[in-house]
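Novice: Dropping a structure here in structure tokens format, bear with me for questions.
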Amino acid sequence: MNSVRASFHESRSSFISPDTPIVFVVDDDISVRESLEALIRFAGWQPQTFASAQEFLSRPRVFVPSCLVLDVTLPDLNGLDLQKRIATERIDMPIIFITGHGDVPMTVRAMKAGAVEFLTKPYGDEVLLSAIKQAIECSHAALRRDVAMRSIRDSYASLSRRERQVMALVVRGLLNKQAGRELGISEITVKAHRGRVMQKMRASSFADLVKMAATLLPTAD
């Protein structure tokens, strides 16, 4: 661990801000938790350790880049079951599994469920830190997508019913005249609604609006 710490010394600050990525650790072995906490903190991330899955689940969700270093064998809910429970609600928190006795079926199950890495003890510090770095980058990307999607949904919610109808028709490729016939309104009125849709959706181009609609309209009211 000393060689790894030395390699990080030049590039990591000892100051940790509230926006610093969090690395959660769930392991019932206190020596493992303490060792990982020291390594993670020295690497410049925020470590938060838990002795059980239930203890981790009681911790409120965070909205900063994060990942979970998770032991497979735990005293209550095991690691694979914890992964299954949080898979849909915490997609911005990639999971790195660690275990002292892994096998191929266990590894396959974890990776199919979305784990970014499955490490068997003993593993090198460099291997774990590399996996954490990759997981944090994935978390950054997931949070950015979530922010973008929420912005699109908020913009769509600001549209009037007629504006939504116009948007749905024009992104399907209908001309203003065709959309007007479909809705029983004039071409000029369609054009005015279309302009407001572009403005409210903050679309930089019609192609941009079509991309937004592709992610939004299948689930929109």
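The values are calculated or read from the model by the stated rules, or taken from the named source; none is laboratory data. Just so you know, these numbers come straight off a predicted model, no measurement behind them. Every residue, glycine among them, receives a Cβ derived from its backbone with ideal geometry; neighbour counts consider all protein chains shown.
Novice: Applying the selection to the stretch 35-83, what residues are more than 19 Å from Ala131 (Cα to Cα) and acidic (Asp, Glu)? If you could, list the steps in order and put the result at the bottom.
Specialist: Initially, the stretch 35-83 is screened for residues more than 19 Å from Ala131 (Cα to Cα), giving 50-63, 73-78, 81-82.
Scanning the stretch 35-83 gives Glu55, Asp76, Asp81.
Novice: For the stretch 20-75, enumerate the residues that are farther than 18 Å from Leu119 by Cβ and among the basic types (Lys, Arg).
Specialist: The answer is Arg41, Arg59, Arg61.
Novice: Which residue, of Leu129, Leu119, is in the same structural domain as Arg41 (by TED's automatic domain parsing), out of contact with any strand residue (DSSP E or B) (no Cβ under 7 Å at 6 or more places or on another chain) and surrounded by 13 or more Cβ atoms within 10 Å (Cβ to Cβ)? Give the steps one after another, and end with the answer.
Specialist: Values: Leu119 fails: out of contact with any strand residue (DSSP E or B) (no Cβ under 7 Å at 6 or more places or on another chain).
Result of the check over Leu129, Leu119: Leu129.
Novice: While we're looking at this one, here's another question. Going through the stretch 179-200 one residue at a time, which ones are in a helix (DSSP H, G or I), of a type in the set (Val, Ile, Thr) and farther than 25 Å from Arg153 by Cβ? Can you show your working first?
Specialist: Here is the first cut: in the stretch 179-200, the ones in a helix (DSSP H, G or I) are 179-183, 187-200.
Those left that are additionally of a type in the set (Val, Ile, Thr): 188-190, 197.
Ile188, Thr189, listed by residue number.
Novice: Could I ask something else about it? Listed residues Ser35, Ser66; which is in contact (Cβ under 8 Å) with a residue 24 or more places away in the chain, of a type in the set (Gly, Ala, Ser), out of contact with any Leu (no Cβ under 6 Å at 6 or more places or on another chain) and crowded, with 20+ Cβ neighbours inside 10 Å?
Specialist: Working: Ser35 fails: crowded, with 20+ Cβ neighbours inside 10 Å.
One residue alone meets the criteria, Ser66.
Novice: Scan the stretch 146-158 and give yes if some residue there is in contact with a helix residue (DSSP H, G or I) (Cβ under 7 Å, 6 or more places away or on another chain) and free of Cβ contacts under 8 Å to residues at least 60 places away in the same chain, otherwise no.
Specialist: yes
Novice: While we're on this one: Since Leu143 meets every condition but one in (1) free of Cβ contacts under 8 Å to residues at least 40 places away in the same chain; (2) of a type outside the set (Val, Ile, Thr); (3) surrounded by 13 or more Cβ atoms within 10 Å (Cβ to Cβ), which condition does it not meet?
Specialist: (1)
Novice: Would you mind stating whether Ala203 is assigned to a loop (DSSP other than H, G, I, E, B), at pLDDT below 95 and out of contact with any His (no Cβ under 9 Å at 6 or more places or on another chain)? Walk me through it before giving the result.
Specialist: Numbers: assigned to a loop (DSSP other than H, G, I, E, B): yes; at pLDDT below 95: yes; out of contact with any His (no Cβ under 9 Å at 6 or more places or on another chain): yes.
It is true that Ala203 is assigned to a loop (DSSP other than H, G, I, E, B), at pLDDT below 95 and out of contact with any His (no Cβ under 9 Å at 6 or more places or on another chain).
Novice: Moving on to the next point. Restricting attention to the stretch 40-49, which residues are out of contact with any Asp or Glu (no Cβ under 8 Å at 6 or more places or on another chain) and either among the polar types (S, T, N, Q) or outside any loop (DSSP other than H, G, I, E, B) (or both)?
Specialist: Here is the first cut: in the stretch 40-49, the ones out of contact with any Asp or Glu (no Cβ under 8 Å at 6 or more places or on another chain) are 40-46, 48.
Listed by number, the residues that qualify are Ile40, Arg41, Phe42, Gln46, Gln48.
Novice: Oh, and also: From the list Ile91, Ile132, Ile136, which one is within 19 Å of Phe56 (Cβ to Cβ) and at pLDDT below 90?
Specialist: Numbers: Ile132 fails: at pLDDT below 90; Ile136 fails: at pLDDT below 90.
It is Ile91.
Novice: Same structure, new question: Taking the stretch 26-40 only, how many residues are of a type outside the set (A, V, I, L, M) and touching a helix residue (DSSP H, G or I) at 6+ places or on another chain (Cβ under 8 Å)?
Specialist: At the first step, the residues of the stretch 26-40 found to be of a type outside the set (A, V, I, L, M) are 27-29, 31, 33-35, 37.
Remaining after also requiring touching a helix residue (DSSP H, G or I) at 6+ places or on another chain (Cβ under 8 Å): 27.
Going through the stretch 26-40 one residue at a time, the tally reaches 1.
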